[in-house]
Amino acid sequence: MARSSRLLPVPAFLALGLAAASAAAEPVVLKISTVAPKDSPWMAAYTAMAKEVETATGGNVTFKFYPGMVSGDEKDMVRKMRGGQIQGAGLTGVGLQMIEPNTLVLQMPLMFQTYPQLDFVRDKLAGRFQEMVKAKGFVILGWSDIGYTYIFTQTPVSSLASFNGVKMWGWEDEPISKAFFETAGIAQVSLSLPDVLPGLQRGMINGVYNSPLGAIALQWDKYTRYVTKLAISIGIGATVVTKAEWDRIPADQQAKILEIAGKHHADLRKVIRAKNKEAIAQLKKQGIQLVDVPQPEVDRMVQIAAKVRANISAKMFKPGLLQEVEGLLKQAPR
């Protein structure tokens, strides 16, 4: 009698079971923001990924996207993820470093010369970066690229002296370019990403940096006439979701989602790299001129970049991380 008195009444037991089943079956909707425009390769990849994930999870996990900076700059996206207003974001290195600064080691100036080098090092460190990001409350769904980053100006720039008179944009939340331009003695006008196009239109700035595809997608190419033929970095990116929302997804579905997302991000990297080549050809057709940089000036830039890497490493990275990357780089294919 004593044992049976401690048992729940059958109706209460059934009610608890039904409630648990209902909670387990509750769909997860991931609201994802990105600065990428609606009609861009990034959004095409997201759309394909979302469709496959929804099918694979039987509709338990769906995505809703907010492209074109409708959620603000990347600092706004990170803030909104932390506040629970959105559950994920497609970020460049700028947003990633706001979550985990060590990821910026992949975007150091003049360090990676080719995509195979970046791929090799990133693949070697991907698992460690995932754990770092998880410790900060996020999960990486997949890595993407922005592409080789060049300087776009309205007057030709082939040397440090050529920057005289250039009102160079500085992304207010991006420490690498800020440190690079400051060390090189190049003045910057600090603006958020959404303010760059109006800044170009109004003459507040006449120099920006981006990949060719990125510049075209954001319409910056319409207000610049020259591209300096020295890639200062390879812009990285990744899609992240909050760990709190990720943990609502059953483990078997998490594994499937990561597999699907990894495949679509790999495809996206191939597309972005191809389209950046096409974008250079398009820029030339528009009359934008590519400006060669003499070797002595390249050497000066390399020295500046090495100094910047050392300074940023001491302030932002785990001890030995930059040196580890440099060691891996020696093993990487060209």
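Here, each number is a calculation from the coordinates, and none is a lab measurement. Since the model is a prediction, treat every value here as computed from it, not as a measurement. Positions of Cβ are generated from backbone atoms using ideal geometry, with glycine treated the same way; all protein chains shown enter the neighbour counts.
Below is a table of values for the structure above.
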item	result
Neighbour-count ranking [beta-carbon atoms within 10 angstrom, fewest first] of I280, I151	I280, I151
Spin-label model distance (nm) - R225 vs Q303, 7 Å beyond Cα toward Cβ	3.2
Highest average packing first - 219-230, 192-203, Cβ atoms within 10 Å	219-230, 192-203
P(r), alpha carbons of the chain - 20 Å bins starting at zero, rounded %	29, 53, 13, 4, 1
Qualifying aspartates and glutamates (Cα of each under 13 Å from Cα of K318; at least 8 residues distant if same chain)	E100
Over the stretch 22-331, relative contact order from alpha-carbon pairs under 8 Å, at least 6 apart, %	26
Stretch gain in nm, segment A244-T47, where the contour uses 0.36 nm per residue and the Cα spacing is subtracted	68.6 nm
Under 17 Å from the Cα of K307 - lysines, other chains or at least 8 residues apart	K178, K315
All lysines inside 26 Å of K51 as judged from Cα atoms, apart from same-chain residues fewer than 8 positions distant	K31, K38, K64, K80, K134, K243, K256, K263, K270, K275
Whole-angstrom gap from the stretch 300-330 to the stretch 87-141, using each part's C-alpha centre	15
The chain: calculated mean residue ellipticity at 222 nm from DSSP helix runs of at least 4, using -39500 (n - 2.57)	-16000 deg cm²/dmol
Shape call, the stretch 215-334: gyration tensor on alpha carbons, a/c limit 1.5	oblate
